[in-house]
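Here's the structure we're looking at; comments come further down.
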Amino acid sequence: MWRRPFPWLIVGAALLYALVPYFTDDVQLRESLLLAAVYIILASNLNLMIGYAGYVNFGNIVFFGLGGYICLYLVNDFQWPLILAALLGGVAVSALALLFGLGILRLRGAFFALATIGVNAAIQQIVTNFEPWGGATGIYLALDAYGSLGGPMQALWTTYLLIVALTAASLLASYAIRNSKFGLGLIAIGQNEDAAAVLGVPTPLYKALIYSASAFLPAMAGGLYFFKSGIIEPTGAFNLQTSIEAIVMVMLGGSGTILGPTLGAFLYEELRGYLLIAEPFSHFQLVIAGTLLLIIVLFAPGGLLGFVHRLWPRTRRWLE
Amino acid sequence: MIGILASVIDGVLVGSVYGLAAMGLTLIWGVMNVINLAHGAIIVLGMFVLYLVATALGLPAYGAVPVMIIFGFAFGVALYWIAVHRMIGRPALMSLLATFAVNMVLIGLGTALWTTSPYNVPVAMPGATWQGYTFTGTHMMAAVLAALIAGLLYLLLYRTRIGKAIRAVANNREAAELSGIPTTQVLSLAFGLGVALAGVSGTLIATLFPFTVLSGEAYQLKSFVVTVLGGLGNPAGALMGGVALGLIEGLATPFMPVSWIPIVEFGLFVLCLIAFPHGIFALKRS
């Protein structure tokens, strides 16, 4: 894997991404980049489902929210160190996803998509009624939770660097999976599931595994992100809207590629930031995002990267 | 005991309106294998048509029902040609995304026009009192209208040539095309019908409860639950599923906190999808 230039490109870009705001000490730039990094994590892990296996996970945000809840609960009520809490959140959500995946991945196409919406809604309602997690008001992090990381200021930098590390890990994982036997099996499932099964791909296992794998890093990112915000509550944590926006990002950049979802997430986040600030558009942010999605789906289903690949076929070799 | 009975009856009355909404969703699925994720936004559209007709224009509230049926049908046909037509026969992901994009645009426009604050349209309708329990007039009227519209849909589907064409296309599009049915027109017609049903159910829901631009999502999820109970693509099943959901809500209300009811609904939804992907009431059809 490390013999090709692409993984090194990822590592280099991540280093640049992490160090530029750190050395310029630009807090505003850091916040904007952090949000984009979180979206890149969501989009590239969602891409494992949409782009590789061809299953649309409409409730992908449930991983992010649940990971956030577990991490904040451990940090706040049991004084766990952040990294350990986030890691456990990732592992727990991943295990839960594996269990769930074996059930709901028996469904195909639109039925699966509907079930994921149902899972997100059900978990949101359960958390809203779960008193140890603060019910509808959620968990507020006590300020001294930041103490172990050297105070709030230093803690924000630490979470930023950790989130960038997760972003790089997401991209490397996407790359490694796509170039493995597992990844080829997934792509076969995405193209024709029955044919893949006949050719010996263990489809139920592969689907459950990728569903579980696509939960791990978003759940950890959720832990870090909500630690940074200091608060988590059910409507924000399990927002179906964010789930769908992640799908828009994947489609915008080009599903099934590694660079595509990254590019899509980054561009979408920057575009949204601009639209929210620009006075004439601030009310029409959803309208513009929706129109954009419709145009992509109708006229450019390959997304940005698909468009570039069609225009210059030689870019396929190094823009993966 | 009578209290529970009254709660169940009220649940069934409201459930019939859910059933009507789900019929719109399931009709579209049955005819063209498209799950309309703009369903919730269209329900909201129906709600605001009631608001415009009753509050802004000052006309009688139930006048909004025929207005919404006609407007919803035209809107649905337009939507079919804009967003859905190119998606027919492509992977499910594409039509889901296209209809969701429409949903985003509609909700965005609605938020810009009406903000997200709650609206309430008071509808005057005398209720009936029985054994000390009052049944609200609007709930009974909504159930009667829902049943009436469902009956009209039945007549349209089973007693007219157009209905026969719609059923033929749902069964086998190629064979229908070979028999000289203009399938594309029939598809747009069916989509228009589905949207009109969703919209008019929104109008009826708005006569019962207050609403906001964002209410659609909750009712869309309810419609999914109902459709799954009744079997995707089965309009009669959808009406029964709606009544069943209303019954569950009515039965559960006296026994558990209201905030737990959605858990029961969504739990049931996921379980039903996994265990009976063709619906509980679909035994006859298969």
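One table, with the values for the structure above:
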read-out: Verdict on A:Gly190 being part of a loop (DSSP other than H, G, I, E, B), under 28 Å from B:Phe269 (Cα atoms) and within 14 Å of chain B (Cβ to nearest Cβ); value: no
read-out: Set A:Val93, A:Val62: member being within 16 Å of the chain's Cα centre (by Cα), outside any loop (DSSP other than H, G, I, E, B) and away from chain B (no Cβ under 14 Å); value: A:Val93
read-out: Index of the failed condition, B:Gly199 passing every other in (1) crowded, with 23+ Cβ neighbours inside 10 Å; (2) of a type in the set (Gly, Ala, Ser); (3) closer than 30 Å to B:Thr55 by Cα; (4) more than 13 Å from the chain's Cα centre (by Cα); value: (4)
read-out: Test: residue in the range B:100-123 that is surrounded by fewer than 16 Cβ atoms within 10 Å (Cβ to Cβ), farther than 30 Å from A:Leu276 by Cβ, free of Cβ contacts under 8 Å to residues at least 24 places away in the same chain and in contact with a Pro (Cβ under 6 Å, 6 or more places away or on another chain); value: no
read-out: Residue in the range A:129-148 that is within 8 Å of chain B (Cβ to nearest Cβ), hydroxyl-bearing (Ser, Thr, Tyr) and either buried (at least 22 other Cβ atoms within 10 Å of the Cβ) or within 30 Å of A:Leu209 (Cα to Cα) (or both) present; value: no
read-out: Selection status of B:Val200, away from every other protein chain (no Cβ under 14 Å) and in a helix (DSSP H, G or I); value: yes
read-out: Residue ranges of helices (runs of 4 or more DSSP H) in the range A:223-320 with at least 2 members more than 14 Å from chain B (Cβ to nearest Cβ) and free of Cβ contacts under 8 Å to residues at least 40 places away in the same chain; value: A:259-277, A:303-311
read-out: Filter result for the condition that a residue is surrounded by fewer than 19 Cβ atoms within 10 Å (Cβ to Cβ), in a helix (DSSP H, G or I) and of a type in the set (Gly, Ala, Ser), over A:Ala176, A:Ala115; value: A:Ala176
read-out: Which listed residue is farther than 16 Å from B:Leu25 by Cβ and either modelled with pLDDT of 85 or more or under 17 Å from the mean Cα position of the chain (by Cα) (or both), from B:Leu214, B:Leu229, B:Leu271; value: B:Leu214
read-out: Unmet criterion (only one of (1) in contact with a helix residue (DSSP H, G or I) (Cβ under 6 Å, 6 or more places away or on another chain); (2) within 12 Å of chain A (Cβ to nearest Cβ); (3) without any contact (Cβ under 8 Å) to a residue 12 or more places away in the chain) for B:Arg90; value: (1)
read-out: Given (1) in contact with a strand residue (DSSP E or B) (Cβ under 6 Å, 6 or more places away or on another chain); (2) within 14 Å of chain B (Cβ to nearest Cβ), index of the condition A:Gln124 fails; value: (1)
read-out: Residue in the range B:74-91 that is assigned to a helix (DSSP H, G or I) and under 19 Å from B:Leu148 (Cα atoms) present; value: no
read-out: Verdict on B:Thr207 being of a type in the set (Ser, Thr, Tyr) and at pLDDT 90 or above; value: yes
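Rundown of residues vs (1) within 22 Å of A:Gly109 (Cβ to Cβ); (2) within 13 Å of chain A (Cβ to nearest Cβ); (3) part of a helix (DSSP H, G or I); (4) of a type outside the set (S, T, N, Q), yes/no style:
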{"position": "B:Thr26", "(1), (2), (3), (4)": "yes, yes, yes, no"}
{"position": "B:Val31", "(1), (2), (3), (4)": "yes, no, yes, yes"}
{"position": "B:Leu37", "(1), (2), (3), (4)": "yes, yes, no, yes"}
{"position": "B:Ile43", "(1), (2), (3), (4)": "no, no, yes, yes"}
{"position": "B:Gly46", "(1), (2), (3), (4)": "no, no, yes, yes"}
{"position": "B:Leu52", "(1), (2), (3), (4)": "no, no, yes, yes"}
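The values are calculated or read from the model by the stated rules, or taken from the named source; none is laboratory data. This is a predicted model, so every value here is computed, not measured. Glycine also receives a Cβ, built like all others from the backbone with ideal geometry; neighbour counts cover every protein chain displayed.
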